[in-house]
Amino acid sequence: MVEETIPGSNSQAHLSSDPACLAHRAPGAPAAQAASAQEGQSGETGQSSHLPKDNGHNHDSNHSNGDEGQVIIKADKVSFFYGQFQALKNISLDIMADEVTAFIGPSGCGKSTFLKLLNRMHDFVPGTRLAGEILIRGTSIYGPEADPVDIRRRVGMVFQRPNPFPKSIYDNICYGPRLVGVTKKSELDQVVERALKAAALWDDVKDKLGKSALDLSGGQQQRVC
(Lines give C-alpha, C1' and ligand atoms only; values in the text may rest on other atoms or scores of the structure.)
Protein backbone atom coordinates (compact mmCIF):
# COMPACT_ATOMS: atom_id res chain seq x y z
CA MET A 1 0.00 0.00 0.00
CA VAL A 2 1.31 3.42 -0.97
CA GLU A 3 0.56 6.89 0.27
CA GLU A 4 1.19 9.95 -1.89
CA THR A 5 0.66 13.59 -0.99
CA ILE A 6 -0.42 16.14 -3.56
CA PRO A 7 1.61 19.29 -2.76
CA GLY A 8 0.11 22.74 -2.58
CA SER A 9 -3.38 21.84 -1.41
CA ASN A 10 -4.98 22.20 2.03
CA SER A 11 -8.56 21.30 1.12
CA GLN A 12 -10.55 18.46 2.67
CA ALA A 13 -10.75 15.45 0.36
CA HIS A 14 -12.74 12.25 -0.12
CA LEU A 15 -10.55 9.16 -0.17
CA SER A 16 -12.53 7.42 -2.91
CA SER A 17 -14.94 9.87 -4.52
CA ASP A 18 -13.07 13.17 -4.85
CA PRO A 19 -10.49 13.34 -7.67
CA ALA A 20 -8.14 15.13 -5.24
CA CYS A 21 -7.86 12.13 -2.93
CA LEU A 22 -8.51 8.69 -4.41
CA ALA A 23 -7.89 5.13 -3.35
CA HIS A 24 -6.24 3.83 -6.52
CA ARG A 25 -6.11 0.18 -7.55
CA ALA A 26 -4.54 -1.88 -10.26
CA PRO A 27 -6.43 -1.86 -13.60
CA GLY A 28 -9.62 -3.90 -13.47
CA ALA A 29 -9.87 -3.82 -9.68
CA PRO A 30 -13.21 -2.90 -8.08
CA ALA A 31 -13.55 0.70 -7.01
CA ALA A 32 -13.40 1.56 -3.33
CA GLN A 33 -16.64 2.54 -1.64
CA ALA A 34 -17.22 6.19 -0.74
CA ALA A 35 -15.02 7.35 2.14
CA SER A 36 -14.03 10.70 3.54
CA ALA A 37 -11.65 12.41 5.95
CA GLN A 38 -13.30 15.39 7.60
CA GLU A 39 -13.32 17.36 10.82
CA GLY A 40 -15.73 17.86 13.70
CA GLN A 41 -18.13 14.87 13.86
CA SER A 42 -18.92 12.26 16.54
CA GLY A 43 -18.93 8.46 16.32
CA GLU A 44 -19.48 5.20 18.20
CA THR A 45 -17.02 2.54 19.27
CA GLY A 46 -16.81 -0.40 16.85
CA GLN A 47 -17.13 -4.10 17.70
CA SER A 48 -14.01 -6.26 17.64
CA SER A 49 -12.76 -9.82 17.91
CA HIS A 50 -9.40 -11.57 17.89
CA LEU A 51 -7.09 -11.85 14.88
CA PRO A 52 -6.25 -15.43 13.85
CA LYS A 53 -2.63 -16.40 14.09
CA ASP A 54 -0.47 -16.57 10.99
CA ASN A 55 0.46 -20.11 9.97
CA GLY A 56 4.14 -19.17 9.84
CA HIS A 57 4.69 -20.17 6.22
CA ASN A 58 6.88 -18.03 4.01
CA HIS A 59 5.29 -16.77 0.81
CA ASP A 60 7.18 -16.20 -2.42
CA SER A 61 6.40 -12.65 -3.52
CA ASN A 62 6.57 -13.77 -7.15
CA HIS A 63 3.70 -16.23 -6.82
CA SER A 64 0.05 -15.93 -5.76
CA ASN A 65 -0.63 -17.16 -2.25
CA GLY A 66 -4.14 -18.31 -3.14
CA ASP A 67 -5.84 -15.08 -2.02
CA GLU A 68 -6.14 -13.54 -5.49
CA GLY A 69 -9.50 -11.81 -5.94
CA GLN A 70 -10.28 -11.90 -2.21
CA VAL A 71 -10.77 -9.00 0.20
CA ILE A 72 -7.76 -8.96 2.53
CA ILE A 73 -8.45 -5.72 4.41
CA LYS A 74 -11.94 -4.31 4.91
CA ALA A 75 -12.84 -0.98 6.51
CA ASP A 76 -16.47 -0.73 7.60
CA LYS A 77 -17.80 2.74 8.51
CA VAL A 78 -14.50 3.74 10.12
CA SER A 79 -14.23 7.06 11.94
CA PHE A 80 -11.25 8.09 14.03
CA PHE A 81 -10.78 10.79 16.66
CA TYR A 82 -7.87 12.59 18.27
CA GLY A 83 -9.69 13.74 21.40
CA GLN A 84 -12.62 15.83 20.12
CA PHE A 85 -11.09 16.26 16.65
CA GLN A 86 -12.40 13.85 14.03
CA ALA A 87 -9.69 12.95 11.53
CA LEU A 88 -11.61 10.28 9.58
CA LYS A 89 -15.32 10.09 8.89
CA ASN A 90 -17.31 7.00 7.93
CA ILE A 91 -14.73 5.31 5.67
CA SER A 92 -15.75 2.05 4.02
CA LEU A 93 -13.52 0.32 1.47
CA ASP A 94 -12.16 -3.07 0.47
CA ILE A 95 -8.47 -3.75 -0.23
CA MET A 96 -7.98 -6.77 -2.45
CA ALA A 97 -5.24 -9.39 -2.44
CA ASP A 98 -2.38 -9.24 -4.96
CA GLU A 99 -3.11 -5.65 -5.93
CA VAL A 100 -1.37 -2.34 -5.27
CA THR A 101 -3.59 0.22 -3.57
CA ALA A 102 -2.57 3.88 -3.14
CA PHE A 103 -4.17 6.71 -1.20
CA ILE A 104 -3.47 9.99 -2.97
CA GLY A 105 -4.51 13.37 -1.64
CA PRO A 106 -3.59 16.70 -0.06
CA SER A 107 -1.64 16.97 3.17
CA GLY A 108 -3.88 16.54 6.20
CA CYS A 109 -6.72 14.64 4.53
CA GLY A 110 -6.20 11.51 6.67
CA LYS A 111 -4.05 9.17 4.57
CA SER A 112 -1.43 8.38 7.21
CA THR A 113 -4.06 8.30 9.96
CA PHE A 114 -5.93 5.56 8.12
CA LEU A 115 -2.81 3.56 7.26
CA LYS A 116 -1.66 3.58 10.89
CA LEU A 117 -5.00 2.05 11.91
CA LEU A 118 -4.12 -1.09 9.95
CA ASN A 119 -1.47 -2.15 12.47
CA ARG A 120 -2.76 -0.24 15.51
CA MET A 121 0.01 2.32 15.69
CA HIS A 122 -2.46 4.79 17.19
CA ASP A 123 -2.59 2.64 20.34
CA PHE A 124 0.41 4.64 21.57
CA VAL A 125 -1.36 8.02 21.20
CA PRO A 126 -3.39 9.05 24.29
CA GLY A 127 -6.97 10.22 23.76
CA THR A 128 -7.56 8.54 20.40
CA ARG A 129 -10.75 6.63 19.59
CA LEU A 130 -11.93 4.40 16.75
CA ALA A 131 -15.52 3.93 15.59
CA GLY A 132 -16.44 1.27 13.07
CA GLU A 133 -14.49 -1.85 12.25
CA ILE A 134 -11.35 -2.92 10.40
CA LEU A 135 -11.03 -6.56 9.38
CA ILE A 136 -8.05 -8.51 8.08
CA ARG A 137 -8.97 -11.77 6.38
CA GLY A 138 -12.47 -11.42 7.77
CA THR A 139 -11.55 -10.85 11.41
CA SER A 140 -11.57 -7.56 13.32
CA ILE A 141 -8.16 -6.38 14.55
CA TYR A 142 -9.52 -4.26 17.43
CA GLY A 143 -10.85 -5.47 20.76
CA PRO A 144 -9.73 -7.03 24.05
CA GLU A 145 -8.84 -10.39 22.48
CA ALA A 146 -6.71 -8.97 19.65
CA ASP A 147 -2.93 -9.16 20.03
CA PRO A 148 -1.41 -5.85 18.80
CA VAL A 149 2.11 -7.32 18.73
CA ASP A 150 1.00 -10.17 16.47
CA ILE A 151 -0.88 -7.70 14.25
CA ARG A 152 2.23 -5.53 13.85
CA ARG A 153 4.32 -8.59 12.95
CA ARG A 154 1.90 -9.31 10.12
CA VAL A 155 1.10 -5.77 8.96
CA GLY A 156 4.20 -3.65 8.32
CA MET A 157 4.48 0.03 7.49
CA VAL A 158 7.33 1.74 5.64
CA PHE A 159 7.45 5.51 6.04
CA GLN A 160 8.53 8.08 3.47
CA ARG A 161 11.52 8.94 5.65
CA PRO A 162 13.53 5.79 6.46
CA ASN A 163 14.55 5.13 10.05
CA PRO A 164 16.96 2.20 10.15
CA PHE A 165 18.32 1.06 13.50
CA PRO A 166 21.86 2.26 14.34
CA LYS A 167 23.10 -1.25 13.61
CA SER A 168 24.71 -3.08 10.72
CA ILE A 169 22.77 -3.82 7.55
CA TYR A 170 22.76 -7.48 8.57
CA ASP A 171 21.43 -6.78 12.07
CA ASN A 172 18.70 -4.49 10.72
CA ILE A 173 17.35 -7.29 8.55
CA CYS A 174 17.73 -9.89 11.32
CA TYR A 175 16.04 -7.79 14.00
CA GLY A 176 12.53 -9.14 13.33
CA PRO A 177 13.47 -12.81 12.90
CA ARG A 178 15.50 -12.71 16.11
CA LEU A 179 12.52 -11.30 17.99
CA VAL A 180 10.47 -14.35 17.05
CA GLY A 181 13.22 -16.80 18.02
CA VAL A 182 15.31 -17.38 14.90
CA THR A 183 18.90 -17.72 16.16
CA LYS A 184 20.68 -20.13 13.80
CA LYS A 185 23.14 -18.17 11.66
CA SER A 186 22.51 -20.22 8.54
CA GLU A 187 18.80 -19.41 8.74
CA LEU A 188 19.47 -15.74 9.40
CA ASP A 189 21.87 -15.64 6.44
CA GLN A 190 19.11 -16.99 4.21
CA VAL A 191 16.62 -14.44 5.53
CA VAL A 192 19.05 -11.57 4.89
CA GLU A 193 19.87 -12.67 1.36
CA ARG A 194 16.24 -13.31 0.45
CA ALA A 195 15.05 -9.98 1.88
CA LEU A 196 17.77 -7.91 0.25
CA LYS A 197 17.23 -9.60 -3.11
CA ALA A 198 13.51 -8.90 -2.86
CA ALA A 199 14.35 -5.24 -2.21
CA ALA A 200 16.78 -5.16 -5.18
CA LEU A 201 19.61 -4.29 -2.78
CA TRP A 202 21.60 -7.51 -2.50
CA ASP A 203 24.12 -6.79 -5.25
CA ASP A 204 24.85 -3.35 -3.75
CA VAL A 205 25.49 -4.47 -0.16
CA LYS A 206 26.34 -8.19 -0.16
CA ASP A 207 30.03 -7.44 0.48
CA LYS A 208 29.40 -4.91 3.26
CA LEU A 209 26.65 -6.42 5.41
CA GLY A 210 28.62 -5.49 8.54
CA LYS A 211 28.53 -1.81 7.62
CA SER A 212 26.14 0.52 9.42
CA ALA A 213 22.78 0.92 7.70
CA LEU A 214 23.01 4.63 8.50
CA ASP A 215 25.84 4.91 5.96
CA LEU A 216 23.59 3.88 3.08
CA SER A 217 21.94 6.38 0.75
CA GLY A 218 18.38 7.52 1.51
CA GLY A 219 16.91 5.23 -1.12
CA GLN A 220 18.94 2.26 0.11
CA GLN A 221 17.91 2.94 3.72
CA GLN A 222 14.28 2.97 2.63
CA ARG A 223 14.67 -0.46 1.01
CA VAL A 224 16.39 -1.84 4.11
CA CYS A 225 13.50 -0.63 6.25
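The values are calculated or read from the model by the stated rules, or taken from the named source; none is laboratory data. Owing to the predicted nature of the structure, the values given are computational and were not obtained by experimental measurement. Ideal geometry is used to build each Cβ from the backbone, glycine not excepted, and the neighbour counts take in all protein chains shown. These area figures cover heavy atoms from the full protein model, side chains too; ligands, DNA and RNA do not enter into them. Shrake-Rupley method; radii C 1.70, N 1.55, O 1.52, S 1.80 Å.
Brief remarks on what is shown
- Simple spin-label estimate for ILE72 and HIS122 in nanometres, 7 Å along Cα-Cβ: 2.2 nm
- The mean of 1/r over all distinct Cα pairs in region 92-225, once inverted, gives the Kirkwood hydrodynamic radius of 17.2 Å.
- In the context of the full set of protein chains, residues of region 154-205 present 65 Å² of accessible surface per residue (probe radius 1.4 Å, heavy atoms only).
- Relative contact order of region 131-215, defined on C-alpha pairs under 8 angstrom at six or more residues apart (%): 34 percent
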